[in-house]
Amino acid sequence: MKKAFDPIRNYQETIKKAGYVPRKEASQEDYDRIGFMSGLEVHQQLLTKRKLFCHCPAGVYNSDDDYDAEILRHMRPTLSELGEYDGTALMEFKTRKNITYRLNNDSACTYDVDDTPPFIINKEALEIALEISMLSKLNIVGEVHITRKQYLDGSIPAGFQRTAILGVEGVVPISNKDIRLIQLSIEEDSCREISDIGHERVYKTDRLGMPLIETVTYPDCVNPDEVKETCDYIRFLNRSTDKVRTGMGAARQDVNVSCKGGSRVEIKGVAHTKWIPELTHNEAFRQWSLLLIRDELNKQFKSKDEWKMDYTRLEYDAFSINHPPIKLAKANGDHLYVVKLPGFNGILSHFTQPGKCFADEIADRLKVIACIEKPNMVHTEMAKPVITGADLEIISSIMITDQEKDALVIFWAPKDDVKTALETIEERCQMAFDGVPEETRKSFEDGSTIFERVLPGADRMYPDTDSAPIPLSNEYIDTLGNQLPIDVSERFKQLRDWKIPADTYQYILRKNLVPVIEDIIESLDYTPQYIGTFIGQTLKYVEGHFKQAIDFNYSQLTSMFRFIQEEKLEKEIAKWMLSHLYEHPNMDFQSILETIKFKRSTEEAIMKNVPLLIEKYKKEGRKQCKTAEKDWIAGQLRKQAIGNMNMKTLANNIEALNK
Amino acid sequence: MSEDLFQGYKGEALDLLKKYHVRVWGHAVINTTRGKFEGTVLPRSENDDDKHIVLKIITGYNVGVDVSTVQDMKEAGYKKANYAIPEKEFPYTENLPHVKLFGTGGTIASRLDYRTGAVIPAFSPGELYGAVPELADICNLDTEKVFAVFSENMGPKQYMSLAKAIGKEIENGIDGIVIGHGTDTLHHTGAALTFMCQNLPVPVILVGSQRSSDRPSSDAALNLMHAMKAAAESDIAEVQVCMFGPTSDEYGLLHKGTRVRKMHSSYRSTFRTIGDTPLAMISRTKITPIKKIYNKRRSDKNVVIKPYFEDKVTMLYYYPGMSADILDSMVDLGYKGIIIIGTGLGHVNKELYPAIERAQKKGVHMFMTLQTIWGYVQMFVYDTGRDMMAKGIIPLGNMLPEVAFIKLGWVLGQTNDHEEVKAMMLEPINDEITEREPYNGYLVYQGGVPEVEEFIKKVHK
């Protein structure tokens, strides 16, 4: 008797075949073996008062249901300047989406919905973006040309984003090498999605049109850690100007990944740089697995043209399938179809990402392109089979199947979506013969990704006939060049020279705090090492555990240390004052001292207590040894000593007195 | 003529391209004091300066290179772009109505023109089918490019040749006519064709787009579908303007050619019927009549084409403090008819009286319309009105100023007899003067008012 196909075993075997290892166990050899290659597109909102091409305020956000009006649009693909249609555009057109925009008068105007032509570009934004371009060592263009970049997903009501290149061919240094930059552009931010169900997609327009820059690197990173390091560097560089927005969503990145023989896949909207390593690792291995699938299929078929899928509509009543989604589909009046995929036995359950297999690639596309909400299909290689026994036999009698070679997919969809669904399944399977489809993928915190769109190309660019080119004279560029902040690579060197612990660099640079450290050490008598460590550790702790007052700003740290120095207090007191300053920046420092119950004393007065405490410990101390005794005494005097005397002196004095 | 290798470049930029033998569409590698730039040299818009060379770089973006920074450059390849909407033969479907589409230019079908940097009209049935394949489900289409001009360049000559072309098509038994047109003067043409093509047996639909078809959110495709449907299926055999109802992609409105006006410089829903309601609403699936009375479609071919126009007609937009010499000049320049656009109920100041009297003596035909756009001229209410009527100025009821201008040109193209001119002007051909204004003929909502805000939130704009 022939052995039944075991999808779980097949999945595990294909993991092995792909040589997949968890990231923590992966070495550079693993990445070299699969030819890991990655680059970035780092987006950063600029801190301006107004939006980029209209006079709406920037940074006014509205909740999902806080809107004054709605409008509805459909998007159609158009030709690029060079006379080509873009693949993404055609895909989005297939989805037949009704796109609804919610407008709030406080954050959007008729420009945002493409009912008014653009106003002249926001000069404040242009200058910030040019400064960052110069910091990124880019070749600054002679004339800025506003270009329209098509987005048919509806994320921009016009169907295109106005964007312009400011510089090309730059470089950023990471610890072990230089990463080359392709370009930097200034652009309008897009709408925020509220929902996307079936054929209805809803956006809000508050973020739309806010000035944003995009820094694009070459795929120079050869392992996941380099990608994160590069991304951090670019973000620190942007922050170093102090003219960019911070907070949730103000900086986002798309990560491009490929493996040897794979394709460029763009992982969109990665919110945190700490997610990058896992995502890039998994994507490289997903591609590697798809290449194995490609080889498998090409062994069976001479060419993909030889491969044909077969399908037929099924009647619900012919089966006893109890699978709840199918019952629901029946109740909804969806049509039910079986699709035979010749030669796909063992492919549907082939590993692609941790916890995912090739069948997910099909299901993801059915959701996005045919707009069929998940679950939208079942198949013959599910870990928990749904089509079994008698049902499988009935289907086999309708659709002649070679159970050792073929795989079956059963999907359900509203009548109008069936055609697109069938095309989508066929298209994805045909793509498997070529390896890795170029696409953009949506990321999840667990490091997995799902299909989002076909990867757009250069064909979606079109000159903006509504705006004139903006010349950038040498004099203008020179003037801007004179006001640049210090290089981030210099900042790294400073931190190292100051001997500040390396684990604080990330926080200090992310918040652009080196200038704060400089400000304190230049005007006061503290070492950079002490202040840097204080900021990198104590301030970070306070930020993580206390609520920041609206009018707190980092320059108040200088005032605090000035107060401590002028009052001749010991610097340890800073640690106790900081959280109060952070929450109540308008409280004067004397009051903060009172709040923390500080009492002024002298070293002499404090040390006078030591003999008594020695006596006491001798009587009551649990562990009679010198170290324990010293620690206990120090602990007893600590509160009085903070601010009044140096802690090390305290310890030394106790030791001396207790010899 | 030899091919222009340096399209749009002039002065310094042209000299530089020639010096290094780099052509437009050539792949250029340029070394500058700001670093290296590489890409395809694009044509330059003729209104832009001669200090920059435009490159399309590999990522698809365009950048300008400042010629004063160029150290050297070379051409490392050449590939001319072929900008063409994919042309597919418009399919023929048995039993579908036959529609003729006249092209006049405008944004309904357009492509990029590097010379001016603007969009220029492109148009053929194949191109249209390639861009809007849905049209084939509505009708069998034939197209003819009557001329290609921007909306603002449309004039009497074009109205007359369009009218004749319409007459010929009706003679040939067409089921409906669509005219693609730039939107700026769509309503002028709407009025002209109403007067020139009378007793129409089939719909004549004027359509344009507020966003050129090179934009994914363009209203062109949906407007075209609506217009084709109206031409093919609608029972309303009049000259109509078909454009977006709301700015949303939801439905269009069919406006009478004599009562419609462009009311916003850039909105998609810019066309509005003034002083009345539109004829009908139209979506991709149905036509919903609003007006109960209209000229119905017929099977005969008894259209009357009256292609006349007198060019010496002008408009005088009155403003406070206007001096009489303006009107004097018009008369001296030989204008035979003047549409005055007065304030309020139809007024101008007394300083113009001598000039008006002089014009009357010279036989100039003068009519009064309104700056208020909405409402009727009423010259009996104040003395000034009565004074002016005494001086020969004839009030035109609620005729829109642009319509009055077109009608006067058309009338004077046929007669110069004052009484005849007056009678023809006051006898409406298709509601250019209506007898009554319905309560919903004037609707300009005021934003901010609570009930209006509530309405805007509920109903798509």
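The values are calculated or read from the model by the stated rules, or taken from the named source; none is laboratory data. Everything numeric here is computed off the predicted structure, so don't read it as measured data. Using ideal geometry, Cβ is built from the backbone for each residue, glycine included, and neighbour counts are taken over all protein chains shown.
Summary table
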{"quantity": "Test: residue in segment A:630-649 that is among the small types (Gly, Ala, Ser), assigned by TED's automatic domain parsing to the domain that holds residue A:578 and under 16 Å from residue A:567 (Cβ atoms)", "calculated": "yes"}
{"quantity": "Qualifying residue in segment A:336-343 (condition: in the same structural domain as residue A:402 (by TED's automatic domain parsing), touching a Cys at 6+ places or on another chain (Cβ under 7 Å), in a strand (DSSP E or B) and surrounded by 13 or more Cβ atoms within 10 Å (Cβ to Cβ))", "calculated": "yes"}
{"quantity": "Within segment B:419-449, tally of residues that are part of a helix (DSSP H, G or I) and either at pLDDT below 95 or out of contact with any His (no Cβ under 9 Å at 6 or more places or on another chain) (or both)", "calculated": "5"}
{"quantity": "Residue B:6 being aromatic (Phe, Trp, Tyr), assigned by TED's automatic domain parsing to the domain that holds residue B:186 and over 24 Å from residue A:133 (Cβ atoms)", "calculated": "no"}
{"quantity": "Set A:386, A:339: member being within 28 Å of residue A:289 (Cα to Cα), modelled with pLDDT under 95 and hydrophobic (A, V, I, L, M, F, W, C)", "calculated": "A:386"}
{"quantity": "Set A:609, A:586: member being under 45 Å from the mean Cα position of the chain (by Cα) and either of a type outside the set (Val, Ile, Thr) or at pLDDT 90 or above (or both)", "calculated": "A:586"}
{"quantity": "Answer from B:100, B:80, B:51 - the residue that is basic (Lys, Arg) and closer than 30 Å to residue B:134 by Cβ", "calculated": "B:100"}
{"quantity": "Unique residue being at pLDDT below 85 and either away from chain A (no Cβ under 14 Å) or farther than 23 Å from residue B:226 by Cα (or both) when the list is B:167, B:117, B:130", "calculated": "B:117"}
{"quantity": "In segment A:390-418, the residues that are of a type in the set (Gly, Ala, Ser) and within 43 Å of the chain's Cα centre (by Cα)", "calculated": "A:407, A:413"}
{"quantity": "Helices (runs of 4 or more DSSP H) wholly inside segment A:547-659 containing at least 1 residues that are under 27 Å from residue A:521 (Cα atoms)", "calculated": "A:555-566, A:573-583, A:589-595, A:603-607, A:626-641, A:647-657"}
{"quantity": "The listed residue being surrounded by fewer than 22 Cβ atoms within 10 Å (Cβ to Cβ), of a type outside the set (Lys, Arg) and in a strand (DSSP E or B), out of A:479, A:465, A:440", "calculated": "A:440"}
{"quantity": "Candidate set from segment A:1-19 (those that are of a type in the set (A, V, I, L, M) and at pLDDT 90 or above); member that is surrounded by the fewest Cβ atoms within 10 Å (Cβ to Cβ)", "calculated": "A:8"}
{"quantity": "Qualifying residue in segment B:413-421 (condition: closer than 24 Å to residue B:375 by Cβ, surrounded by fewer than 14 Cβ atoms within 10 Å (Cβ to Cβ) and either away from chain A (no Cβ under 14 Å) or not β-branched (Val, Ile, Thr) (or both))", "calculated": "no"}
{"quantity": "Those residues of segment B:269-314 which are within 28 Å of residue B:218 (Cα to Cα), crowded, with 17+ Cβ neighbours inside 10 Å and in contact with a helix residue (DSSP H, G or I) (Cβ under 9 Å, 6 or more places away or on another chain), in sequence order", "calculated": "B:271, B:280, B:282, B:287"}
{"quantity": "Selection within segment B:168-220 - in a helix (DSSP H, G or I) and either closer than 20 Å to residue B:403 by Cα or in the same structural domain as residue B:403 (by TED's automatic domain parsing) (or both)", "calculated": "B:186, B:187, B:188, B:189, B:190, B:191, B:192, B:193, B:194, B:195, B:196"}
{"quantity": "Members of segment A:457-482 found to be touching a residue at least 12 places away in the same chain (Cβ under 8 Å), more than 9 Å from chain B (Cβ to nearest Cβ) and farther than 16 Å from residue A:162 by Cβ, listed by number", "calculated": "A:480, A:481"}
{"quantity": "Subset of segment A:145-164 [facing chain B (nearest Cβ under 7 Å), under 26 Å from residue A:474 (Cα atoms) and not hydroxyl-bearing (Ser, Thr, Tyr)]", "calculated": "A:145"}
{"quantity": "Matching residues, segment B:159-215, being in contact with a His (Cβ under 9 Å, 6 or more places away or on another chain), farther than 14 Å from residue B:260 by Cα, of a type in the set (Gly, Ala, Ser) and crowded, with 24+ Cβ neighbours inside 10 Å", "calculated": "B:176"}
{"quantity": "Condition check for residue B:226: within 14 Å of chain A (Cβ to nearest Cβ), surrounded by 24 or more Cβ atoms within 10 Å (Cβ to Cβ), of a type outside the set (Ser, Thr, Tyr) and in a helix (DSSP H, G or I)", "calculated": "yes"}
{"quantity": "Conditions (1) among the β-branched types (Val, Ile, Thr); (2) out of contact with any Lys or Arg (no Cβ under 8 Å at 6 or more places or on another chain); (3) closer than 28 Å to residue A:36 by Cα; number of the one not met by residue A:186", "calculated": "(3)"}
{"quantity": "In segment A:586-610, the residues that are exposed (fewer than 12 other Cβ atoms within 10 Å of the Cβ) and either of a type in the set (A, V, I, L, M, F, W, C) or more than 18 Å from residue A:566 (Cβ to Cβ) (or both)", "calculated": "A:586, A:597, A:599, A:604, A:608"}
{"quantity": "Residue list for segment A:215-227, restricted to those being among the charged types (D, E, K, R) and surrounded by fewer than 22 Cβ atoms within 10 Å (Cβ to Cβ)", "calculated": "A:220, A:225"}
{"quantity": "Qualifying residue in segment B:95-104 (condition: surrounded by fewer than 17 Cβ atoms within 10 Å (Cβ to Cβ), farther than 21 Å from residue B:23 by Cα, away from chain A (no Cβ under 14 Å) and at pLDDT below 80)", "calculated": "no"}
{"quantity": "Test: residue in segment B:88-97 that is in contact with a Cys (Cβ under 7 Å, 6 or more places away or on another chain) and closer than 28 Å to residue B:127 by Cα", "calculated": "yes"}
{"quantity": "From the options A:194, A:182, A:140, A:121, residue that is more than 9 Å from chain B (Cβ to nearest Cβ), touching a strand residue (DSSP E or B) at 6+ places or on another chain (Cβ under 9 Å) and more than 30 Å from residue A:373 (Cβ to Cβ)", "calculated": "A:121"}
{"quantity": "Yes/no for residue B:413 being in contact with a helix residue (DSSP H, G or I) (Cβ under 9 Å, 6 or more places away or on another chain) and either within 30 Å of residue A:68 (Cα to Cα) or among the charged types (D, E, K, R) (or both)", "calculated": "no"}
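Table: residues versus (1) assigned to a helix (DSSP H, G or I); (2) under 25 Å from residue B:211 (Cβ atoms); (3) touching a Gly at 6+ places or on another chain (Cβ under 7 Å).
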site	(1), (2), (3)
A:15	yes, no, no
A:20	no, no, no
A:29	yes, no, no
A:38	no, no, no
A:41	no, no, no
A:59	no, no, no
A:78	no, yes, no
